[in-house]
1. Counting Lys +1, Arg +1, Asp -1, Glu -1, what net charge surrounds I71 among other residues with beta carbon under 13 Å of its beta carbon?
2. So, how do all the Cα-to-Cα distances of region 31-96 break down into 5 Å bins, in percent, from 0 on up?
Amino acid sequence: MFGDISGMMGKLKEAQEKVEETKKRLNTVLIDEAVANDNLKVTVTANREIKAITINESLLEDREELEDYLILALNKALQRASEINEQELAIAAKTGMPNIPGMDMFK
């Protein structure tokens, strides 16, 4: 009825390992975002971890403007990181998944 259960379990373990490898690799994928004519730059990983923030001195005079630019840059970078993260993890999970009838959620 279920076919080769041990084979499926092996495939699931391979899929899990592939996802973990992908997560580690995504720590090395850097996403840069700049706003305010490149006066504020942020760098995040594809795992949505902030790595760097660079602020030009000209933005230090207006705290509210600086906060707005920070929010804008971080949201843009984190959105791009999320998209990359989701795509890469879906691919990793799909390639390692066994063919289980009714479990086509990764298609």
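1. Net charge in that neighbourhood comes out at -3.
2. 3, 19, 25, 18, 13, 9, 6, 4, 3, 1, 0
Read the figures in this text as sums done on the coordinates, not as results from a lab. The structure displayed is predicted, hence computed values, not measured ones. FYI the Cβ positions are ideal-geometry reconstructions off the backbone, even for glycines, and counts take in every protein chain you see.
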